[in-house]
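Input: a single structure, listed below in structure tokens.
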Amino acid sequence: MERITPAAVAALKKEILSSLHCALPGTVESFDGESRTAVVRPAVKGMPPLRDVPVFMPWRFDVFPGDPCLVIFADCDTDAWLDTGEAAEPASGRTHSLSDAFAFVGFQTR
């Protein structure tokens, strides 16, 4: 039996965590008030803009380019739920994907 070294465990951990998206700060690049979705630029260099991100709005308010936000990533593919609002089997095996982002707007930076 092959012995697993601490270095191998550390490398595997780093690989797994580098592909796991949970939450990160971002900036609204544009907002569509009708669909209540935004293009969000993650505040992490090298990450692509996130498109068609649903914006959490318990009440309607203006959202502008440059507004800070917190982006979270769902545990599973959200396409079916976004289409119908009903419980459904995920359309794919995606987990914590950049494609399954939600934005919470209203935070203020220092």
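Loop-only GluC sites (Glu not before Pro) in the range 24-110, please: DSSP not H, G, I, E or B, and at most 13 other Cβ atoms within 10 Å.
On the way: sites: Glu29, Glu34, Glu86; in loops: Glu34, Glu86.
Sparse-neighbourhood loop GluC sites (Glu not before Pro): Glu34, Glu86.
Note down the magnitude of the dipole of the chain about its Cα centre, charges +1 on Lys and Arg C-beta and -1 on Asp and Glu C-beta and zero elsewhere, to the nearest 20 debye.
Numbers: 10 positive and 15 negative charges, 145 e Å.
The calculated dipole for the chain is roughly 700 debye.
Send over the Kirkwood Rh of the chain, from the inverse of the averaged 1/r over different Cα pairs, rounded to one decimal Å.
On the way: mean 1/r = 0.0642 Å⁻¹.
About 15.6 Å, per the Kirkwood formula over Cα pairs.
Over the chain, with a Gaussian network built from C-alpha contacts below 10 Å, which listed residue (Ala91, Ala74, Ala38) shows the highest mean-square fluctuation?
Ala91
Count charges around Ser97 for me, please; just the other residues with Cβ under 12 Å from its Cβ, Lys/Arg as +1, Asp/Glu as -1. Walk me through the numbers before you get to the answer.
On the way: positive: Arg94; negative: Asp75, Asp77, Asp79, Asp100.
Residues near Ser97 contribute -3 overall.
May I ask you to list the chymotrypsin sites (Phe, Trp or Tyr not before Pro) in the range 19-97 that are in a DSSP loop and have at most 15 other Cβ atoms within 10 Å of their Cβ? Intermediate results must be reported in sequence, preceding the final value.
Numbers: sites: Phe31, Phe56, Trp59, Phe61, Phe73, Trp81; in loops: Trp59, Phe61.
For chymotrypsin sites (Phe, Trp or Tyr not before Pro) across the range 19-97 that sit outside H, G, I, E and B with at most 15 neighbouring Cβ atoms in 10 Å, the list reads Trp59, Phe61.
Test of understanding: ordering Asp75, Asp67 by Cβ neighbours within 10 Å, fewest first, what list do you get?
Numbers: Asp75 12, Asp67 21.
Listed from fewest to most nearby Cβ atoms, that is Asp75, Asp67.
Throughout, read-outs are computed from the coordinates displayed, never taken from laboratory work. What you are looking at is a predicted structure, and each value in this text was computed from that prediction instead of being measured. Backbone-built Cβ (ideal geometry, glycine too); neighbour counts: all protein chains shown.
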